[in-house]
1. Would you mind classifying the stretch 1-53 by shape? Square roots of the alpha carbon gyration tensor eigenvalues, ordered a ≥ b ≥ c; an a/c under 1.5 is rounded, otherwise it is prolate if a/b is larger than b/c and oblate if not.
2. Between THR24 and ALA53, what is the FRET efficiency for a Förster distance of 41 Å, r being their Cβ-Cβ separation, to the nearest 0.05?
3. Run down the lysines and flag those whose C-alpha is under 27 Å from the C-alpha of LYS92, throwing out any fewer than 8 positions away in its chain.
4. Identify, among ALA18, ALA53, GLN6, the residue whose Cα sits farthest towards the positive end of the charge dipole of the stretch 2-76, taking +1 on the Cβ of Lys and Arg and -1 on the Cβ of Asp and Glu, with the dipole about the Cα centre.
5. Modelling each spin label as a point 7 Å along the Cα-to-Cβ direction, I'd like the GLU89/LEU37 distance in nm, to one decimal.
6. Dipole of the chain, Cα-centred, from +1 at each Lys and Arg C-beta and -1 at each Asp and Glu C-beta, to the nearest 20 debye?
7. As I understand it, the value is the acute angle between the Cα axis of helix 2-70 and the longest principal axis of the Cα atoms of the chain; what does it come to in degrees, rounded to 10?
8. If I fit a long axis through the Cα atoms of helix 84-102 and take the longest principal axis of the Cα atoms of the chain, what angle between them do I get, 0 to 90°, rounded to 10?
Amino acid sequence: MTERIQKSIEEIRIKSKALFFQLTEEREMNKSLLAELRTLKEIESNLIEKEAACLREISDLKMALEEAKSQVVEVSIPSFGKKEDEIDELVKEIEYCIGQLKK
């Protein structure tokens with residue numbers, strides 16, 4: 001019976017060591033995952049700040065666009081035509097030139 005008890009104790013000791021190593025590995029994995037979680041939370045925080053900045057910029061740009069739309073733009077169209085006196089003068093010059101050509 002003592003041999004059987006010794007064998008059981010040895011099996012328990014082996015299982016205990018295996019569980020201890022498994023626990024140690026799980027704790028290390030937990031630390032690693034917690035560090036990764038902190039990093040991801042920092043990234044999330046930065047992205048939220050960037051999103052807020054972008055939304056503010058969009059709002060400012062929309063306001064500027066609305067202001068630009070509401071402004072009245074006056075465009076003066078230049079006169080390309082000649083005054084009547086200038087036209088009469090040109091017609092006289094053309095008639096004179098035609099008269100000179102006929103001579």
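Coordinate-derived values only; no laboratory data. Please read these numbers as outputs of a predicted model, since none were measured by experiment. With ideal geometry, Cβ positions are generated from the backbone for all residues, glycine too; neighbour counts draw on all protein chains shown.
1. Working: a/c = 13.63, a/b = 8.99, b/c = 1.52.
Judged from the Cα gyration tensor, the stretch 1-53 comes out prolate (a/c at least 1.5, a/b above b/c).
2. On the way: r = 44 Å, r/R0 = 1.08.
FRET efficiency, THR24 to ALA53: 0.40.
3. The qualifying lysines are LYS82, LYS83, LYS102, LYS103.
4. GLN6
5. About 9.2 nm separates the two model spin labels.
6. So the magnitude is around 1020 debye.
7. For helix 2-70, the angle is close to 10 degrees.
8. Taking the Cα atoms of the chain, the angle to 84-102 is about 60 degrees.
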